[in-house]
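Read through the structure below, which is laid out as structure tokens, and then see the notes.
The values are calculated or read from the model by the stated rules, or taken from the named source; none is laboratory data. In this text, all values refer to a predicted model and were calculated from it rather than measured experimentally. Reconstructed Cβ throughout: ideal geometry from the backbone, glycine too, with neighbour counts over all protein chains shown. These accessible areas exclude ligands, DNA and RNA; they are computed on the full protein's heavy atoms, side chains included. Shrake-Rupley method; radii C 1.70, N 1.55, O 1.52, S 1.80 Å.
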Amino acid sequence: KLTIGVLLSGSGSNLEAILDACENDDLPVRVAVVVASRPDAYGITRAQQHGIPTLVMNKERYVNPLEADALIVNTLQHHHVEYVVMAGYMRKLTHVLLNAFPQRVLNIHPALLPAFPGAHAIREAFDAGVKVTGVTIHFANEVYDEGPIIAQHALDVRQDETLEILEARIHSVEHVLYPQVLRLLATHDMVITGKKVCVYPKSDAAGSGV
Ligand code: GAR
């Protein structure tokens, strides 16, 4: 199983979807630890309900972002995390974390990047009157909501729908897409060239098959 650590700041509905897929859909992934950037994140409760250890950060711990990331890296390594999965983590990563997990940090974003990066993507897309929006999952780099794109799912914006309905539809797509991408990650090789990601069946390390 692929061992992951999930970073979040809020409700944690994506964490829940991943855990649900692990428990009910044979997703070959194990969530070893959850890191919350704030003590009031409901995702902490969800993690605890599933018996997953948590690291809860707070303002004091974030005074120095480099030290904060060093603490997070320590915790992730302690739990033997192979991939870091950001699920609504509203903090910029520093090179301390990115260098510790090179090309091994994923992020989900509720818009079709590079359109509408930032913390209010669904509303900004809705207000901009776009006819198509969606969800992006990508490898993270030091720029918030940037980095090589692994998968995108597009949604038509319906002319009579409210922001709340669009939000709910985007979240439903997220809850399907993240487990799908994690399954791909666990079973395939992802090769990053510049901003492009190519996905191949896992190379046979033993050299037998071919
Ligand atoms: C998700 O919609 C995720 O795409 C978004 O935060 C939400 C977290 O929801 N992330 C970003 O906007 C990143 N820029 P959740 O806590 O219920 O999983």
Go through (1) over 13 Å from the mean Cα position of the chain (by Cα); (2) buried (at least 17 other Cβ atoms within 10 Å of the Cβ); (3) more than 15 Å from the ligand (Cβ to nearest atom); (4) not aliphatic (A, V, I, L, M) for residue 116 and report which single condition fails. (3)
Matching entry among 84, 73 (being under 21 Å from residue 137 (Cβ atoms) and either aliphatic (A, V, I, L, M) or crowded, with 17+ Cβ neighbours inside 10 Å (or both)): 84
Could you identify the single residue in 68, 100, 154 that is more than 14 Å from the chain's Cα centre (by Cα), within 15 Å of residue 177 (Cβ to Cβ) and more than 14 Å from the ligand (Cβ to nearest atom)? 154
List every residue pair whose Cβ atoms sit under 7 Å apart, with the two residues 6 or more apart in sequence or on different chains, where the first one lies in the range 93-104 and is under 14 Å from residue 143 (Cα atoms) and the second, anywhere, is part of a loop (DSSP other than H, G, I, E, B) and among the charged types (D, E, K, R). 93/142; 95/142; 98/142
Subset of the range 119-139 [surrounded by 13 or more Cβ atoms within 10 Å (Cβ to Cβ) and more than 10 Å from the ligand (Cβ to nearest atom)]: 123, 124, 125, 126, 130, 133, 134, 138, 139
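Sort out for me the strands (runs of 3 or more DSSP E) sitting completely within the range 143-202 that have 1 or more residues that are among the basic types (Lys, Arg).
Hits in the range 143-202: 196-201.
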Of all residues in the range 30-70 being farther than 26 Å from residue 186 by Cβ and acidic (Asp, Glu), the one that is least open to solvent (accessible area, probe 1.4 Å): 40
